[in-house]
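Undergrad: Have a look at this one before I ask anything.
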Amino acid sequence: MVPEQSIAANPPGADVARPGAGDIAAYKVKLAEARTALFARFDRGESVTELVQRWSRDIDLLVTSAWRRLIPQATGAAVVAVGGYGREELHPSSDIDLLILVGDDQAERLGETLGALVIFLWDMGLEIGHAVRTVEECRVEAADDITVATNLLEARLIDGDAGLYERMRAAVGPDSIWPSEAFFAAKREEQRKRRLKYGDTAYNLEPNIKENPGGLRDIQMIAWVVKRHFGADSLHQLVEQGFLTETEYLALCDGQALLWRIRFALHRLTRRREDRLLFDYQRVLAEEFGFNDQGDNLAVEQFMQQYYRAVTELNRLNEMLLQLFQEAILLHDQIGPPEPVNKRFQVRSGYLEVTHPQVFARSPFALLEIFLLLQQRPELLGVRASTIRLIREHRHRIDDDFREDVRARSMFMEILRQPQGVSAALRRMNSYGVLAAYVPAFANVVGRMQYDLFHVYTVDEHTLRLLRNLRRFTVPEHNGELPLCSAIAQRIPKLELLYIAGLFHDIAKGRSGDHSLLGAREAWDFCQLHYLSEYDSRLVAWLVEHHLLMSMTAQRKDIADPMVVQAFAEAVNDVNRLDYLYLLTVADTRATNPKRWSSWKDALLRDLYRAARRALMRGLSKPQAQDELIEQKQREAMRLLAFEGIDADSCRDLWSRFGMDFFTPSSPEEIAWQTQRILTTALEDLPLVVIRPLASRGCTEVFLFSRDEKNLFVHITALLDQRALNIMDARITTTDDGLAVNAFQVLGPDHRPIDQGEDTETLRASLLAELRRSNRQQPAVNRRLPRQHRHFPVETRISFAEDRLNRRTMMRLTTLDRPGLLAEIGSVFEACDIRLQSAKIATVGAEVDDLFFISTQDGAPITCAPVLTCLRKEIHDRLEQSADQGP
């Protein structure tokens, strides 16, 4: 075991006048010993605050020792720690930021020696960031750049000319550059831009613990302002100045300590400066921090919930302090006279505040009233920081008696029924801790992550974004975003029911059992307590229980099949429910992962809504038959083709060579377009490749008409996958005379339709070249498996079901998403002599849930059990083999 002795007790090479190779080795040994001792102290649970200061002092000794060996002592130069090192907040792999301060006549003379110093520090194993400047250069750089000014604000002399250091401090002080008002305004704008860069949320699933809202940078922002304006070196002086209570100060310190411990552990785990809490590290750190799986409540989710709740608290404190700083620094505490609102509230300088500190003690219902007033007065900027503090101090008054009082219940419902500001009010209530106090079940999901790639926000953040999306449907300025949603929202009789369903849809996440059923019970109880009618209560509870029904049907079933639509319509049962469910589903899907929302999903949900609405209006006792639907499509397609000069007999002759699978999934417009392309293309001109935008389905269609060949599907999907295109739907039709029609509906890497132009022409040329190649080999898919996917093992599951009506077998495949997956599956079908009619692709985070419609080569369902068993085994073996060979 390495003895835990500090560098100070035994400095390296003290008897050597000029360092050489032997000295470097000695420094490396001492650095390694100090690092080992530091980690041992961390494992024993010693204060991380003391550890980062200790590490800073250890580095001071190494830098000082090297400085005194290389730099003559009476040279008019100084070595200064800046940044986190200057604050003595050095983590194990943090950069060692140094300012080498030189006199006006020393820079050129010391150039070579200073260069040797930096090399020596690097060679011993320190990550050095350095600048060499005179006092005047420091002043000019700092005056021009707020980042430099901030760095120098934290400067700390390590060794050298103290007088030179003091002159630099005076030159960059508030009396010379960046007076307090300008400094605060610049730092606040800097924070605003930084937050926008990180999505303006603290709840990303792979947060940057330093830069994300509520992270360490926000704490540093507070410290910088305090130091610049008040000349304070300790955050505790915020208590002495009246900006924080002692409780708030301790909460700030606790939050900082947790983030420091996580950052310290990250640096040790990764052996580099790493501030991103990636999936790669979350499970390891959860175990290191002592969390264990508890049924459905995973250790990693408990660990991350602790993190998110800490940054939520820090975010609240940051918001409050910045407002107080604005009043003290920019407004010089001249906040204007009060404008009365009622006996309990008044407005000052655009902010709502209580009329006296005892308002919430005497009138607890004012804890809800304040949010209602903000809705009714949209011109207000927010709540004054002093009142935010009072809200937080009086949250305990929202107890069972409070929640059972008709006044509180009526006021909460009035908040939900307001014509504006509903989502903003609920977000602010969550921020101040009032929402979790009033709806106790919501407290469980505050800061709760879901350890997957599908949900990119914590449950509470996702819920608030869903509510915002619902609210946007009612705002006229946003009618162009999703016109159908906006139109339906205008006729919804009671929007508050939709908001309640949205608030409760995921409220039971993290509990044992089906969160939809548990949430439905919570929603029913809430509705009954708030005096909603039995009809309205049942509607809300039904929406919560079935909030996944529409998205699962649209994305994982063949909604072109009338029987699928009929079953969905029967589950919904009436048009009013359908309207509510459609709006809830769209808002939910968009709030789950905005980057994954696409025009394709929009079209799927819209098509299912319209088909189900037609079924409900027609009457559930009169389901539409498949044959009837196909006849309708053919008649409409022939009408469209007649305008193009194509006669009905030609259409019938061509269509007689196709099975139902050519018509079932397609609209009349798509049937007409494809028919025209086929009839106007001579066989000698094959293959035909057309890439066109398909606005009705929110995607790009890759249409291929060619002679049928072995492995055709495999080669095409591999080539599309090579270009990182997302295949959303595949339709494969073959004729008895050896022709094949393949239609792929795709999105680009950004989940948007492909831009028409050079890219699509290049893709078309590649497809044509592949189809014309005689000695065709399957293109290699060289894209790497995304880093995040490696942390979410997905069991491969395969199931079969017979679709007798459509004379086919449905194969459902659930497995880990990976490059080249469709080509692998297609090659298995080819090897097993199975015909693929169509495929419906659904990806949920790292998991695919794909549906393949297959048959024998003569178009019959696959009913032979040994064939299905063989197919299942072959797919399992192929996917395991590709996983083993993956990058």
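Undergrad: Pick out, from ILE630, HIS515, LEU543, the residue whose Cα sits farthest towards the positive end of the charge dipole of the chain, with +1 on the Cβ of Lys and Arg and -1 on the Cβ of Asp and Glu.
TA: LEU543
Undergrad: Moving on to the next point. Would you work out what percent of the accessible area of region 490-568, with all protein chains in place, is carbon or sulfur (probe 1.4 Å)?
TA: 56
Undergrad: To continue, here is another question. Looking only at the chain, where both bridge partners belong to it, what percent of the DSSP beta bridges are antiparallel (to the nearest 5)?
TA: Of all bridge pairs located within the chain, approximately 90 percent are antiparallel.
Undergrad: Another question about this same structure. In whole Hz, what ³J(HN,Hα) sequence does region 566-582 give by Karplus (6.51, -1.76, 1.60; θ = phi - 60°), x for Gly and Pro?
TA: 4, 5, 5, 4, 5, 5, 6, 5, 8, 5, 4, 4, 4, 4, 4, 5, 4
Undergrad: Grab the Cα-Cα distance for LEU548 and ALA443, subtract it from 0.36 nm times how many residues apart they are, and report the gain in nm with one decimal.
TA: Result: 35.5 nm gained on full extension.
Undergrad: Report the label-to-label distance for ALA567 and GLU136 in nanometres (one decimal), using points 7 Å from each Cα along the Cα→Cβ vector.
TA: 8.3
Undergrad: Give a residue-ordered list of calculated ³J(HN,Hα) values for region 380-397 (Karplus: 6.51 cos²θ - 1.76 cosθ + 1.60, θ = phi - 60°; whole Hz; x for Gly, Pro).
TA: In residue order, the calculated couplings are 5, 7, x, 10, 5, 4, 5, 6, 4, 4, 5, 4, 5, 6, 10, 4, 5, 6 Hz.
Undergrad: Let me ask something additional. Checking the a/c ratio against 1.5 first, then a/b against b/c, what shape does the Cα gyration tensor give for region 279-407?
TA: Because a/c hits 1.5 or more and a/b fails to exceed b/c, region 279-407 counts as oblate.
Undergrad: Right, something else. Measure off, as a whole percent, the carbon and sulfur share of the 1.4 Å-probe accessible area of region 609-666, all protein chains present.
TA: 49
Undergrad: What are the ³J(HN,Hα) values, in whole Hz, obtained from phi via the Karplus relation 6.51 cos²θ - 1.76 cosθ + 1.60 with θ = phi - 60°, for each residue of region 232-248 in sequence order, with x given for Gly and Pro?
TA: The phi angles translate into 8, 9, 10, 5, 5, 5, 5, 6, 5, 8, x, 7, 10, 7, 4, 5, 5 Hz.
Undergrad: In whole Å and largest first, what semi-axes does the C-alpha gyration tensor of region 163-258 yield when each eigenvalue is scaled by 5 and square-rooted?
TA: Value: 26, 19, 12 Å, ordered largest first.
Undergrad: Here's a follow-up. Subtract the Cα-Cα distance of ASP405 and ASP755 from 0.36 nm times their separation in residues, and report this length gain in nm to one decimal.
TA: Value of the extension gain: 120.3 nm.
Undergrad: While we're here: Suppose all protein chains stay in the model; what accessible area per residue would a 1.4 Å probe give for the chain, in Å²?
TA: With all protein chains present, the chain gives 42 Å² per residue.
Undergrad: Once the Cβ-Cβ distance between ASP123 and ARG273 is put in as r, and R0 is 22 Å, what FRET efficiency do you end up with, to the nearest 0.05?
TA: 0.70
Undergrad: Further, regarding this structure: Ordering GLU166, GLU709, GLU240 from largest to smallest accessible area (1.4 angstrom probe), what's the sequence?
TA: GLU240, GLU166, GLU709
Undergrad: Let me ask something else about it. Nothing charged except the Cβ atoms of Lys and Arg (+1) and of Asp and Glu (-1): what's the magnitude of the dipole of region 35-79 about its Cα centre? Round to the nearest 20 debye.
TA: Roughly 160 debye, rounded to the nearest 20.
Undergrad: On C-alpha positions alone, give me the angle between the axis of helix 495-504 and the longest principal axis of the chain, in degrees, nearest 10.
TA: Tilt relative to the chain: about 70 degrees.
Undergrad: I need the shape label for region 491-554. Rule: rounded when a/c is under 1.5, else prolate if a/b > b/c, else oblate, with a, b, c from the alpha carbon gyration tensor.
TA: Note, shape of region 491-554 comes out oblate.
Undergrad: Give the shape of the chain as rounded, prolate or oblate, defined through the alpha-carbon gyration tensor: a ≥ b ≥ c are the square roots of its eigenvalues, a/c under 1.5 means rounded, and otherwise the shape is prolate if a/b is larger than b/c and oblate if not.
TA: In terms of gyration-tensor shape, oblate.
Undergrad: While we're on this one: Using alpha carbons only, what's the Rg to Rh ratio of region 471-594 with Rh from Kirkwood?
TA: Result: Rg/Rh = 0.97.
Undergrad: On a 27 Å Cα-Cα criterion, which of the cross-link pairs LYS210/LYS595; LYS595/LYS710; LYS557/LYS873 come out too long?
TA: LYS595/LYS710
Undergrad: Where does the charge balance sit around VAL140 when Lys and Arg score +1, Asp and Glu -1, over other residues with C-beta under 14 Å from its C-beta?
TA: Result for the local shell: -4.
Undergrad: Something else now. Which order do HIS130, HIS394, HIS267 take when ranked by solvent-accessible area (1.4 Å probe, heavy atoms of all protein chains), largest first?
TA: Result, largest first: HIS130, HIS394, HIS267.
Undergrad: Please sort 226-232, 628-634, 401-407 by packing, taking for each peptide the average over its residues of neighbouring beta carbons within 10 angstrom, highest first.
TA: 226-232, 628-634, 401-407
Undergrad: In nm, to one decimal, how far is the ALA361 label point from the LEU517 one, both placed 7 Å along Cα→Cβ?
TA: Taking the simple label geometry, ALA361 and LEU517 are separated by 4.8 nm.
Undergrad: Could you state how much accessible area HIS478 has, in square angstrom rounded to the nearest 10, with a 1.4 Å probe and all protein chains kept in place?
TA: Surface accessible to solvent at HIS478 totals approximately 50 Å².
Undergrad: Sort 522-528, 698-704, 378-384, 24-30 for me by packing, meaning the mean count of neighbouring Cβ atoms within 10 Å per residue, highest on top.
TA: With the highest mean Cβ count within 10 Å placed first, the list reads 698-704, 522-528, 24-30, 378-384.
Undergrad: ASN297 to ALA40: FRET efficiency via 1/(1 + (r/R0)^6), r the Cβ-Cβ distance, R0 45 Å, to the nearest 0.05?
TA: The computed FRET efficiency comes out at 0.90.
Undergrad: Another question, if that's okay. Carbon-plus-sulfur fraction of the accessible area of region 78-157, 1.4 Å probe, in percent?
TA: 45
Undergrad: Mind giving me the FRET efficiency for VAL284 and ARG707? R0 is 60 Å, r the Cβ-Cβ distance, nearest 0.05 is fine.
TA: Using R0 = 60 Å, I get an efficiency of 0.65.
The values are calculated or read from the model by the stated rules, or taken from the named source; none is laboratory data. Remember, it's a predicted structure, so these values are computed and weren't measured experimentally. Here the Cβ is made from the backbone with ideal geometry for all residues, glycine too, and neighbour counts use every protein chain on show. Heavy atoms of the whole protein, side chains included, go into the accessibility calculation; ligands, DNA and RNA do not. Shrake-Rupley method; radii C 1.70, N 1.55, O 1.52, S 1.80 Å.
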